[in-house]
1. By the scheme Lys and Arg +1, Asp and Glu -1, what is the net charge of all other residues having a beta-carbon under 11 Å from that of Leu463?
2. Given Cα pairs under 8 Å that are at least 6 residues apart, what percent is the relative contact order of the chain?
3. If each residue of separation counts as 0.36 nm, what is the full-extension length gain between Lys361 and Asn270 once their alpha-carbon separation is subtracted?
4. Rounded to the nearest 5, what % of the DSSP beta bridges within the chain are antiparallel ones?
5. Report, in debye and to the nearest 20, how large the dipole of the chain comes out about its Cα centre when Lys and Arg carry +1 and Asp and Glu carry -1 on their Cβ.
6. If I fit a long axis through the Cα atoms of helix 257-267 and take the longest principal axis of the Cα atoms of the chain, what angle between them do I get, 0 to 90°, rounded to 10?
7. If Rh is defined by the Kirkwood formula over all Cα pairs and Rg also comes from Cα, what ratio Rg/Rh do you get for the chain?
8. In whole Å, what three semi-axes, largest first, describe the equivalent ellipsoid of segment 148-234 built from its Cα gyration tensor (square root of 5 times each eigenvalue)?
Amino acid sequence: MSSGMRSLLSELSKRIGKEKIFTEPEELYSYGVDAYTEFKQPPAAVIRAGGEEDVRAVLELADREKVPVVPRGSGTSLSGGSVPAVPGAIVLDLTPMNKVEVNIDDGYVMAEAGATVLEVDKACRSHGFFFPPDPASSRIATIGGSLAENAGGLRGAKFGVMKNWVLAMEVILPGGKKLRIGEPVYKWRWGPDLMSLFIGSEGTLGVITRAWLKIYPLPEKVVRVLGVFDRIEDAGKAISQIRRRGYVPMILELLDRETIEIVNESLGYNIEVAEGMVMADVDGPRESVWRIAREVENVIKDCGGRTRASDDPEEMEQLYLARQGAYAAVTRAYPGVLLEDITVPLSKLMEALRELDRMRKEYGLRMPVFGHAGDGNLHPNICFDPRDEEQLRKAKELFVKTGQLAIKLGGAISGEHGIGLAKKELFLEEIKAVRGEGYVEVVKMIKQLLDPNGIMNPGKIFL
Ligand SMILES: Cc1cc2nc3c(=O)[nH]c(=O)nc-3n(C[C@H](O)[C@H](O)[C@H](O)COP(=O)(O)OP(=O)(O)OC[C@H]3O[C@@H](n4cnc5c(N)ncnc54)[C@H](O)[C@@H]3O)c2cc1C
């Protein structure tokens with residue numbers, strides 16, 4: 001440990017208490033990886049922040065000593081975002097800051113950064129409301145991490161991503177200054193919009209400590225429509241047609257045959273195996289929801305699918321959990337998985353699925369594809385044996401090729417998992433192809449202004 005770090009930790013322990021500081025290798029190990037598992041770099045110290053004052057103290061001293069700080073929620077990042085990119089970093093664990101307060105009269109929930117998305121959702125449900133964004137990791141993913149990644153989820157087809165639900169936020173900047181952005185009211189207007197700077201910035205500009213989030217009334221009734229297809233591209237067609245014809249199901253998910261097989265094998269489900277499956281949750285008033293569900297079924301049939309619909313809560317929960325567990329099922333089945341997160345225009349879903357199928361055959365690797373296809377977001381999971389060098393090489397090449405496919409189709413290399421360490425090169429390729437060189441310049445200027453010593457999560461994105 002460097003002498004700068006030693007003096008920082010000694011001063012910090014006087015200010016926040018030594019019980020919040022961890023430096024033993026066995027305590028640091030798990031903070032050196034995240035759910036992406038490709039990257040490993042244990043930090044020099046972990047600080048478990050008990051409150052805003054702790055965060056301020058860490059960012060003040062770290063900035064003074066120019067020590068890198070990596071904010072961390074639950075480490076479920078799927079892009080290496082919460083793994084330090086450089087040695088000698090402090091990981092700032094926000095999970096102890098987990099207060100949740102629902103304000104029904106004013107229509108919001110206040111959550112500290114370390115509260116999980118599910119805790120926030122559950123707190124609202126007891127009042128007849130819910131919190132719509134639901135990353136499949138919602139049981140453990142934190143509000144801070146989900147804001148920093150601008151996470152989406154299964155209900156994204158109708159409700160969008162985290163940024164659509166934020167009324168106000170508090171952020172601590174490098175140096176320890178506090179910034180409050182917005183107010184917990186449904187309309188406020190002053191610019192420039194600093195909120196958008198921090199949402200999706202992957203911990204590279206400051207630490208989000210709390211947020212005031214909009215809530216939404218629970219739907220009166222939900223009917224789940226399942227579409228089963230003999231050709232994967234028809235499943236893609238059905239999804240784009242459902243949207244094209246003006247239906248906005250709350251959930252609009254896609255699973256391909258390999259995913260269904262792996263979910264059945266790994267998690268013990270008994271889902272009908274087909275080339276493609278579409279799961280559409282139609283919500284609405286009791287008297288009209290079945291009519292709309294039937295119309296969605298008709299769209300699916302027009303696209304060559306067979307359908308089934310149910311409003312049985314138990315059956316619906318089982319399928320939701322099966323889809324939610326798809327990534328875990330794949331990682332259980334394969335020792336190596338490179339997870340893609342591309343988004344394509346809805347009209348290009350068919351082409352994307354056809355092309356992905358061709359690519360998996362060309363490379364001879366298993367590549368289950370599932371995703372929040374209702375918003376054009378697909379997750380090809382490139383499976384390989386890491387002990388086999390040829391497979392590893394092919395998997396890495398295929399990872400780049402799938403990203404390039406998204407760019408070619410007018411989409412994005414990441415819909416929700418972020419750039420982190422995993423997609424730095426691909427992101428620069430995307431910028432070069434579509435965003436223009438001004439993009440890098442402006443983002444670097446913002447970084448320089450907010451974080452002149454470059455302490456916030458250095459080495460991520462292109463910062
Ligand atoms: C099984 C599984 C399913 C998933 N499904 C989805 C999905 O459906 N949709 C989706 O969008 N993502 C999904 N993810 C990815 C991941 O769960 C999300 O990105 C999640 O929002 C990250 O939350 P976290 O608390 O784990 O953050 P972490 O992984 O700890 O951190 C993520 C990033 O945010 C930064 N950060 C963390 N907290 C703060 C803070 N308070 N202030 C500033 N920066 C911070 C970190 O430095 C890092 O760059 C999934 C992951 C897994 C493992």
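1. Here the count lands on +2.
2. 15
3. 30.2 nm
4. 85
5. The calculated dipole for the chain is roughly 880 debye.
6. 60
7. Reported Rg/Rh (Cα atoms, Kirkwood Rh): 0.97.
8. Its equivalent ellipsoid spans semi-axes of 34, 17, 10 Å.
Read-outs throughout are calculated quantities, based only on the coordinates presented, and are distinct from any laboratory measurement. For clarity, every value in this text was computed on a predicted model and none was experimentally measured. Ideal geometry is used to build each Cβ from the backbone, glycine not excepted, and the neighbour counts take in all protein chains shown.
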